[in-house]
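Trainee: Let me begin by handing over the structure; questions about it come next.
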Amino acid sequence: MTTPVLEARDLARTYGRGATRFDALKGVSLQVHQGESLAIVGKSGSGKSTLMHLLALLDKPSAGQVLLDGADAATLSPRQVNRTRNSTFGFVFQQFFLTPKTSVLDNVVLPLKIAGVSGAERKRRGMAALDSLGLADKAKNDANDLSGGQKQRVVIARALVGEPSVIFADEPTGNLDTNTGQVVEDMLFGLQRERGITLVVVTHDEELAGRCDRSVNVRDGLIVGGSDGMPTAGAAVDQQATHGRHSA
Ligand SMILES: Nc1ncnc2c1ncn2[C@@H]1O[C@H](COP(=O)(O)OP(=O)(O)OP(=O)(O)O)[C@@H](O)[C@H]1O
Ligand SMILES: [Mg+2]
């Protein structure tokens, strides 16, 4: 077995302290392999986003480890963590708003700007990403002027522009109508298929989860009945991991 791109080992995350202390994750272990699509499903408040933020190195665990290509993320310098987030990962999060009063293109190339890519190269790559999402004609528009679905596609363009090897998506179709949601889904799975990108998707949408190669169920801060072969004690029979079709 190859080394997983990402691995969670007994991850715990506690928010707050005293009376407001809350154990959002209580010991989660999980492997994500290169090129696969993994759905993280579960009820609201179960800990899905918390888990994804830890895997994406946007947050630090209270206990346990995140391994990146086999290396403990806690041993990486802040600079290495930033570089990984900026160049290896792409994010499709609804709370990662676009910057208003800024053009669509400038929003898309922001990660490249942070990475120090030259202006001409930023423009070339930004336009290519927008073009692949059918939004080249909107490049000069203010990001605020777009429809919800178009904004979501801009967020995807921004996630792609750095040519990430892992895309994290948190409810990528949550606020979209069925048709636009379908377009966004097709795009994400197309990237997985064509560029071998690894997809980690948090979703309530069973249809979307079913399209992923694998899914894990989070319940009350624990993975219950995951297909990683380590079901937690108390895992219910109705919480079996599902196997979607493989897109390779
Ligand atoms: N910063 C925080 N401080 C305190 N509690 C928090 C914080 N962030 C999350 N929580 C709590 O941790 C639990 C897990 O939150 P999380 O955002 O991971 O849930 P989720 O599964 O993504 O839910 P949803 O489907 O509604 O997005 C929730 O009970 C939430 O209230
Ligand atoms: Mg969430």
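Trainee: Kindly indicate whether any position in region 104-122 is touching a residue at least 24 places away in the same chain (Cβ under 8 Å), in contact with a strand residue (DSSP E or B) (Cβ under 6 Å, 6 or more places away or on another chain) and in a helix (DSSP H, G or I).
Mentor: Within region 104-122, none of the residues are touching a residue at least 24 places away in the same chain (Cβ under 8 Å), in contact with a strand residue (DSSP E or B) (Cβ under 6 Å, 6 or more places away or on another chain) and in a helix (DSSP H, G or I).
Trainee: What do you reckon, is Leu67 of a type outside the set (Val, Ile, Thr), at pLDDT 95 or above and within 16 Å of ligand 2 (Cβ to nearest atom)? Spell out the reasoning first.
Mentor: Numbers: of a type outside the set (Val, Ile, Thr): yes; at pLDDT 95 or above: yes; within 16 Å of ligand 2 (Cβ to nearest atom): no.
No; evaluated as a whole, the condition is false for this residue.
Trainee: When you scan region 147-162, do you find a residue that is in a loop (DSSP other than H, G, I, E, B) and surrounded by fewer than 21 Cβ atoms within 10 Å (Cβ to Cβ), even just one?
Mentor: Residues of region 147-162 in a loop (DSSP other than H, G, I, E, B): 147, 162.
Okay, now just the ones that are also surrounded by fewer than 21 Cβ atoms within 10 Å (Cβ to Cβ), so 147.
Among the residues of region 147-162, at least one is in a loop (DSSP other than H, G, I, E, B) and surrounded by fewer than 21 Cβ atoms within 10 Å (Cβ to Cβ), which makes the answer yes.
Trainee: Considering (1) modelled with pLDDT under 95; (2) away from ligand 2 (no atom under 16 Å from the Cβ), say which one Asp106 fails and leave the rest.
Mentor: The single condition Asp106 does not satisfy is (1).
Trainee: Still on this structure: Lys26: among the basic types (Lys, Arg), modelled with pLDDT of 95 or more and either farther than 27 Å from Asn217 by Cα or away from ligand 2 (no atom under 16 Å from the Cβ) (or both), yes or no?
Mentor: Yes; evaluated as a whole, the condition is true for this residue.
Trainee: Now, a different point. Take Arg153 and tell me if it is within 22 Å of Arg195 (Cβ to Cβ), basic (Lys, Arg) and modelled with pLDDT of 90 or more.
Mentor: Values: within 22 Å of Arg195 (Cβ to Cβ): yes; basic (Lys, Arg): yes; modelled with pLDDT of 90 or more: no.
No; evaluated as a whole, the condition is false for this residue.
Trainee: Wholly within region 166-220, which strands (runs of 3 or more DSSP E) include no fewer than the required count, namely at least 3 residues that are within 12 Å of ligand 1 (Cβ to nearest atom)? Reasoning before the result, please.
Mentor: Values: elements: 166-170, 198-202, 214-219.
Those strands (runs of 3 or more DSSP E) span 214-219.
Trainee: Among the residues of region 185-210 satisfying the criterion of being free of Cβ contacts under 8 Å to residues at least 40 places away in the same chain and within 12 Å of Arg153 (Cα to Cα), which is nearest to ligand 2 (Cβ to nearest atom)?
Mentor: Applying the filter and picking the extreme gives Glu185.
Trainee: Are there any pairs, at least 6 apart or on different chains, whose C-beta atoms fall under 8 Å, with the first in region 31-52 and in contact (Cβ under 8 Å) with a residue 24 or more places away in the chain and at negative phi and the second near ligand 2 (Cβ under 9 Å from one of its atoms) and among the charged types (D, E, K, R), and if so, which?
Mentor: That search, which allows pairs on different chains as well, returns Ile40/Lys48; Val41/Lys48; Lys48/Asp170; Ser49/Asp170; Met52/Asp170.
Trainee: Considering Thr75, Thr50, Thr2, Thr20, which residue is more than 15 Å from Phe89 (Cβ to Cβ), over 18 Å from the mean Cα position of the chain (by Cα) and within 12 Å of ligand 1 (Cβ to nearest atom)? Quick ask: steps written out before the conclusion?
Mentor: Details: Thr75 fails: within 12 Å of ligand 1 (Cβ to nearest atom); Thr50 fails: over 18 Å from the mean Cα position of the chain (by Cα); Thr2 fails: within 12 Å of ligand 1 (Cβ to nearest atom).
Criteria check complete, one pass: Thr20.
The values are calculated or read from the model by the stated rules, or taken from the named source; none is laboratory data. Just so you know, these numbers come straight off a predicted model, no measurement behind them. In this analysis, Cβ positions are derived from the backbone assuming ideal geometry, glycine residues included, and neighbour counts consider all displayed protein chains.
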